[in-house]
Protein chains: 2
Amino acid sequence: MKVVRSDDHRLHFPHGELSDGELVRPYECPERWDHVVAALNAAGMTDVVEPEHLELDLLLRVHDPAYVAFLRTAWTEWEESGRHGDMIPTCFPTRRMAQHEPLEIDGRLGYFSFAAETAITDGTWKASIASAAIAKTAQKHVSAGESAAFALCRPPGHHAGLDYFGGYCFINNAAIAAQGLLDDGAKRVAVLDIDFHHGNGTQDIFYNRSDVFFASIHGDPLSEFPYFSGFKEETGAGAGDGATRNYPLLPGTTFQEWVAALDQALREIDEYGAEALVVSLGVDTFADDPISSFRLATEDFLMVGRRIGRAGLPTVYCMEGGYAVEEIGTNTVNVLIGHEDASP
Amino acid sequence: MKVVRSDDHRLHFPHGELSDGELVRPYECPERWDHVVAALNAAGMTDVVEPEHLELDLLLRVHDPAYVAFLRTAWTEWEESGRHGDMIPTCFPTRRMAQHEPLEIDGRLGYFSFAAETAITDGTWKASIASAAIAKTAQKHVSAGESAAFALCRPPGHHAGLDYFGGYCFINNAAIAAQGLLDDGAKRVAVLDIDFHHGNGTQDIFYNRSDVFFASIHGDPLSEFPYFSGFKEETGAGAGDGATRNYPLLPGTTFQEWVAALDQALREIDEYGAEALVVSLGVDTFADDPISSFRLATEDFLMVGRRIGRAGLPTVYCMEGGYAVEEIGTNTVNVLIGHEDASP
């Protein structure tokens, strides 16, 4: 399977992430990428493709224009306002507050985000665009006939909504890929999100649409980030009514319990009639992940890939989370190997 | 005029406040209190009263029970979860998100807040209760016949809403005082908020009520914290329709422009028929305030007090913001002196 990747991810790496009242080295770090590349090479998955240039108009297919405009110039405005540290949002439009976009960069920073652990740096826009271009390029190969492709995205994307960033995500790469599959001919596309954390951004983007089915298996939001999205009752709205499915699972969930949800999700994707699939591939379901609480083992990820491969759908894998840095490579590549083993 | 104060404010002082991507010493610091006390003493305002014990049920008159329960046990739950650093919220229920209270302390921390510059520490609950007790005690003296009293509250309160903290505020002291004035016999009470920042919490608490008129003069939220509250169009709802008035003013506003808004607010309070007044007294309208942008001079604060005193209403002053630490005392006390000069 083709692997799309780019060194531009290194342009994004904030100095700190808020954790226990302090700024610590972010869990979402560049070495994650290095370990995945090393594991891909070790497995002989060396059919590497550089991302093509991304038309920025494509971002507007899945994000609000005001949000894209904000992301594009945020760092410049920050510097012009006399600041040079990472852009960490501090004030958010929560319950009963007005939803006006402020004029000043401090206010806009909070307006377009939902979480304060994620910072914008001088390189975030460029890295995010490169990451989206990777997803788009992988999608193009799949739309052109490849049975599967792997987009080694960094920053990840599934927490980025229509008009907000957070959870290490800025541009929703999986949504870019899903939209691309539609634009290139598929009538119905499914996004399967197997990251430990609910793909609140992807859900948000497609919540009212019937042409993208979104299924997510994740830690119960009552206990796990992003807390305010990913409940079972969230099943889509308007034209998208019934096209969102959430499988929140309790902390400590074993592979056996987890895979039952996966099988159910794959059945529903089949019933929906998806012609192509995007997988939001996080491997933070791994037992030793430092910020998650499921119990998948390294060899389980082979089974995950096999099950997805057996669905027989043209598939774009987009890299999302996974913070057990040493093991992220093997766990990720095991999914891809499993897929190749199983696909018809 | 009686001055109510307590040393318990020292129990609350977080290690850091997010600013320009770093944790800096909080602007809202204990020395603020020391400077106000020194200026009160220098002015001979030494009729000091200790706060009385606060019945916790009183908090439920202006805050949501789930929020009070959260604040009360937050630090214990945080420590039980293995953390010992300041509690800085990181994930917020913003646009289109579910408004369920999470089970775990990390999620609840974000659910009950709107801003990440404000941390809960081991002493926050005790200091906040003491601050509310100060407001309540000052109110009792006024309800018992004093023409005015000064509640030297710290932490401040006007950003604390029905069920959220933020902007250095946890319990809304001004709301406690306003509710107390009603409970002790006043039929209609006004809260006049002259802090530089919009009193979003006080507005939130009384937005649907007709027995408390809320008027706030503040930096335009399109440019200034708290960004998502304090617009002119916000005038109350339901039974409270028309009982909220906002005077957002542009950065650089002079005393002359500012005082026109004050006169207008006082006229409206008079027309409303308030029988008693609570003043949310922030002096961050001062020209040299490090985080604000109005241009009031030290001597202007005498005029502010005179104008409020001329209204002739029984008045509880509650200390809110002011971050030009050296001058906060003189500026605050000038308002109180002005009030005493002018009151009938």
Theoretical ellipticity at 222 nm over chain A - DSSP helices of four or more residues, -39500 (n - 2.57) apiece, nearest 500: -11000 deg cm²/dmol
Full-extension gain in nm, A:ARG61 to A:PHE231, via 0.36 nm per residue minus C-alpha separation: 58.6 nm
Antiparallel bridge percentage (DSSP; both residues within chain B; nearest 5): 15 percent
Share, in percent, of DSSP beta bridges within segment A:148-292 that are antiparallel, nearest 5: 5 percent
Efficiency of FRET between A:THR254 and A:VAL325 - r from beta-carbon atoms, R0 22 angstrom, step 0.05: 0.40
Rounded to whole Å, sorted largest first: equivalent-ellipsoid semi-axes of segment A:285-339, Cα gyration tensor: 21, 11, 9
Residues in segment B:67-92 occluded by at least 40 Å² - accessible area, probe radius 1.4 Å, against chain by itself: B:THR90, B:CYS91, B:PHE92
Computed over segment A:199-344: relative contact order in percent, which uses C-alpha pairs under 8 Å that are six or more apart: 20 percent
A:LYS187 versus A:HIS100: modelled label distance in nm, points set 7 Å from Cα along the beta carbon direction: 4.7 nm
Of all accessible heavy-atom area on chain B, the percent that carbon and sulfur account for (1.4 Å): 48 percent
Dimensions in Å of segment B:251-331 - Rg and Dmax from alpha carbons: 12.9, 38
Under DSSP loop assignment and at most 13 Cβ neighbours within 10 Å, longest trypsin sites (Lys or Arg not before Pro)-free interval of chain A: A:1-186
Beta bridge orientation in the protein assembly as shown: antiparallel %, DSSP, nearest 5: 15 percent
Subset of B:LYS2/B:LYS136; A:LYS140/A:LYS187; A:LYS2/A:LYS136; B:LYS140/B:LYS187; B:LYS136/B:LYS187 violating a 24 Å alpha-carbon distance limit: none
Those residues of segment B:1-43 for which accessible area with every protein chain present is at least 20 Å² below the isolated value (1.4 Å probe): B:LEU18, B:ASP20, B:GLY21, B:LEU23
Folded to 0 to 90 degrees: helix B:65-80 orientation relative to chain B principal axis, Cα: 50 degrees
Summed buried accessible area for B+A [probe radius 1.4 Å, Å², rounded to 100]: 4300 Å²
Semi-axis lengths, Å, chain B, gyration tensor of Cα atoms, sqrt of 5 times eigenvalues: 29, 21, 21
At R0 = 22 Å, FRET efficiency that the Cβ-Cβ distance of B:ASP341 and B:ALA144 yields, to 0.05: 0.45
For the protein assembly as shown: accessible area per residue (Å², 1.4 Å): 33 Å²
Cα long-axis angle, helix A:255-272 against chain A (0 to 90 degrees, to the nearest 10): 90 degrees
Cα gyration tensor shape for segment B:109-225, rounded if a/c is under 1.5, else prolate or oblate: oblate
Relative contact order [Cα under 8 Å, 6+ residues apart], chain B, whole percent: 18 percent
Teacher prompt: B:GLU50 distances to equivalent labels in other copies, 7 Å Cα→Cβ, nm: 7.6
Residues along segment A:216-231 losing 20 Å² or more of accessible surface when the other protein chains are present rather than the chain by itself (probe 1.4 Å): A:LEU222, A:SER223, A:TYR227, A:PHE228, A:PHE231
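The values are calculated or read from the model by the stated rules, or taken from the named source; none is laboratory data. Since the model is a prediction, treat every value here as computed from it, not as a measurement. Cβ coordinates were reconstructed from backbone atoms using ideal geometry, including for glycine residues, and neighbour counts include every protein chain displayed. SASA here: full protein model, heavy atoms, side chains in, ligands and nucleic acids out. Shrake-Rupley method; radii C 1.70, N 1.55, O 1.52, S 1.80 Å.
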